[in-house]
Amino acid sequence: MSITLNRSLGVQRNKLLRYKLIKELYQKSVQEHPYTPTTKILEIYIVPIYPISRTTLYEILCTSITTELKEVESAIEKQRQLKATQIQLFN
């Protein structure tokens, strides 16, 4: 159970970090070209670096990345503390 949970937390954390990079790239592109439609920003600036769909971009823009990242980080820290406690029990 612990290995699967650790793996899923790691996958979630990496996904959120990737989302954060994509969102920063989107915001930078919007600041440089304020009247460009989202689909063109996706096509010109994001897809060459991160090949994602329009639906995925909208999902990224609606995701509360910092909040979810804090939750995942706290869950990872709890797992580390639990592992340290278990190691102390068996030593």
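The values are calculated or read from the model by the stated rules, or taken from the named source; none is laboratory data. Everything quoted here is computed from the prediction, not taken from an experiment. Backbone-built Cβ (ideal geometry, glycine too); neighbour counts: all protein chains shown. Note: areas computed on protein heavy atoms with side chains; ligands, DNA, RNA excluded. Shrake-Rupley method; radii C 1.70, N 1.55, O 1.52, S 1.80 Å.
Given that compact globular proteins tend to follow 2.2 N^0.38 Å, what is the ratio of the alpha-carbon Rg of the chain to that value?
1.47
Which value, in debye to the nearest 20, describes the size of the charge dipole of the chain about its Cα centre when Lys and Arg Cβ atoms bear +1, Asp and Glu Cβ atoms bear -1, and nothing else is charged?
Details: 13 positive and 8 negative charges, 48 e Å.
It works out to roughly 220 debye.
Of 8, 69, 57, which is farthest towards the positive pole of the chain's charge dipole, taken about the Cα centre with +1 and -1 on the beta-carbons of Lys, Arg and Asp, Glu respectively?
Projecting each Cα onto the dipole axis, the largest value belongs to 8.
Considering only DSSP states other than H, G, I, E and B, which chymotrypsin sites (Phe, Trp or Tyr not before Pro) in region 12-80 qualify as loop sites with at most 11 other Cβ atoms within 10 Å?
Numbers: sites: 19, 26, 35, 45, 58; in loops: 35.
In loop regions of region 12-80 (DSSP not H, G, I, E or B), the sparsely surrounded chymotrypsin sites (Phe, Trp or Tyr not before Pro) are 35.
Residues of the chain: accessible area per residue at 1.4 Å, in Å²?
Ligands and nucleic acids excluded, the figure is 75 Å² per residue.
Say the cut-off is 24 Å between C-alpha atoms; which of 23/70; 15/70; 20/40; 28/78; 20/70 go over it?
28/78
Grab the DSSP H runs of the chain that are 4 residues or longer, score each as -39,500 (n - 2.57), total them, divide by all residues and round the 222 nm result to the nearest 500 deg cm²/dmol. Before the final figure, lay out each step's value.
Details: 4 runs with 70 residues, N = 91.
That comes out to -26000 deg cm²/dmol.
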